[in-house]
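Take a look at the structure below.
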Amino acid sequence: MIRINLAPVEARRRGPAFSLSLPPLNLGVVFAIVYVATVGGIGVYWWSLVAEETRIAAEVDRLARELQSLKATLGAGANVKGQLGEVKRRVDILEELTRGQGRSIALLDAFADTVPTDLWITGLEQRDAQLKLNGTAFSTTAVSDFMSNLKASGKFKDVDIVVSRQAIDKTPSLVTFEVTCKFEI
């Protein structure tokens with residue numbers, strides 16, 4: 001075979017003295033590299049998702065335990081509110097009793113001086129300022145003296161006898177009575 005070079009001599013000399021050539025490209029190797037890189041990327045992404053799932057599951061468990069402890073604390077707080085209401089009610093009752101205590105002592109003190117020696121009080125009932133007194137005496141005179149003493153004390157108002165009965169068939173003959181009045185301090 002014969003070769004003829006028709007290019008001028010100068011053009012041949014001007015060409016690059018150094019030439020760079022690429023190795024031959026094998027598409028199978030390129031696709032294998034892309035496949036391995038894709039599978040590796042998907043594997044890394046899957047691993048990061050599994051790690052995040054584990055972290056989120058641990059966080060959910062921690063928050064669930066915290067929620068349970070907060071519910072227990074909240075339940076105790078509601079119980080404290082109920083106990084607070086009960087304590088307030090008890091304090092109110094005690095205050096009411098202490099307020100009425102001075103009145104009861106004054107009533108008994110004033111009442112002790114009005115009872116004659118031959119008269120017994122068998123029942124005393126107080127509703128607000130109204131008193132209901134039940135008793136027994138040896139005579140109607142003792143009952144009359146008792147009512148007079150109540151009026152004379154100045155602390156008992158509206159003294160009134162409701163019932164007075166004398167048992168004639170028994171010896172000694174006893175008088176049972178019921179007196180109502182108002183106690184005023």
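Laboratory data are not the source of any read-out in this text; all were calculated from the coordinates shown. Only a predicted model underlies this, so the values are computations on that prediction, with no experimental measurement involved. Note that each Cβ is placed from the backbone with ideal geometry, even for glycine, and that neighbours are counted across all protein chains shown.
With each label point set 7 Å from Cα along the Cα-Cβ vector, what nm distance links residue 134 and residue 93?
A separation of 2.6 nm, rounded to one decimal place.
Report P(r) for the stretch 116-183: all Cα-Cα distances, bin width 10 Å, range 0 to the bin holding the largest distance, values in whole percent.
22, 55, 20, 4
Using +1 at the Cβ of each Lys and Arg and -1 at the Cβ of each Asp and Glu in the chain, identify which of 119, 58, 142 lies farthest towards the dipole's positive end.
58
Would you work out the charge dipole size for the chain about its Cα centre, treating the Cβ of every Lys and Arg as +1 and the Cβ of every Asp and Glu as -1, and quote it to the nearest 20 debye?
That gives the chain a dipole magnitude of about 1780 debye.
For the chain, take the longest principal axis of its alpha carbons; what is the angle in degrees between that and the long axis of helix 27-112, to the nearest 10 within 0 to 90?
10 degrees
Which of 159, 83, 73 sits farthest toward the positive end of the charge dipole of the stretch 59-185, with +1 on the Cβ of Lys and Arg and -1 on the Cβ of Asp and Glu?
Positive-most Cα among the choices belongs to 73.
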